[in-house]
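Contents: one structure, followed by commentary.
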């Protein structure tokens, strides 16, 4: 038996990627908000641009520098579809894990993702110890990470793996 490999041309790759993105945004009408909690304005800008590149202007992106403002906002927005939250718990403002600790007590149902510069196993393990944290992502966020996240949410959090993206 002979195995043949097939390399995608540049155009085929971009067409494949475009079709994948279209699959993601199809039927995501109920998702209307992403919250970014971070004081790194460059990272916030890159994350915002990446989200808009995939979903266009169909989604609202809200940024908070401080954790207490974000928690107050979430408490006011309790009804409706839960938003996606990207948070860097290692920012200069506030206690490193104060948001995660307080969020755990509020019993909210949002999709929480850690977006951080830290690659230390200690930090990653501490963040993933919170059961509501879906994934730990290192900055800057990549389009593939966002595609994975949006597909996972679209499938109602059933845990779509990277293999199902193909």
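Values in this text are rule-based calculations from the coordinates and carry no lab data. Just so we're clear, the structure is a prediction, and the values are computed from it rather than from any experiment. Cβ coordinates were reconstructed from backbone atoms using ideal geometry, including for glycine residues, and neighbour counts include every protein chain displayed.
Couple of notes before you dig in:
- Least to most buried among 104, 121 (fewest other Cβ within 10 Å first): 121, 104
- Counted by neighbouring Cβ atoms within 10 Å, the residues 40, 69 run from fewest to most as 69, 40.
- Put in order of Cβ neighbour count within 10 Å, fewest first, the listed residues 97, 13 become 13, 97.
- Here the calculated FRET efficiency for residue 42 and residue 68, from their Cβ-Cβ distance with R0 = 22 Å, stands at 0.40, rounded to the nearest 0.05.
- Calculated FRET efficiency, residue 132 to residue 10, Cβ-Cβ distance, R0 = 45 Å: about 0.65 to the nearest 0.05.
- Cα Rg over Rh - the stretch 31-165, Kirkwood: 0.92
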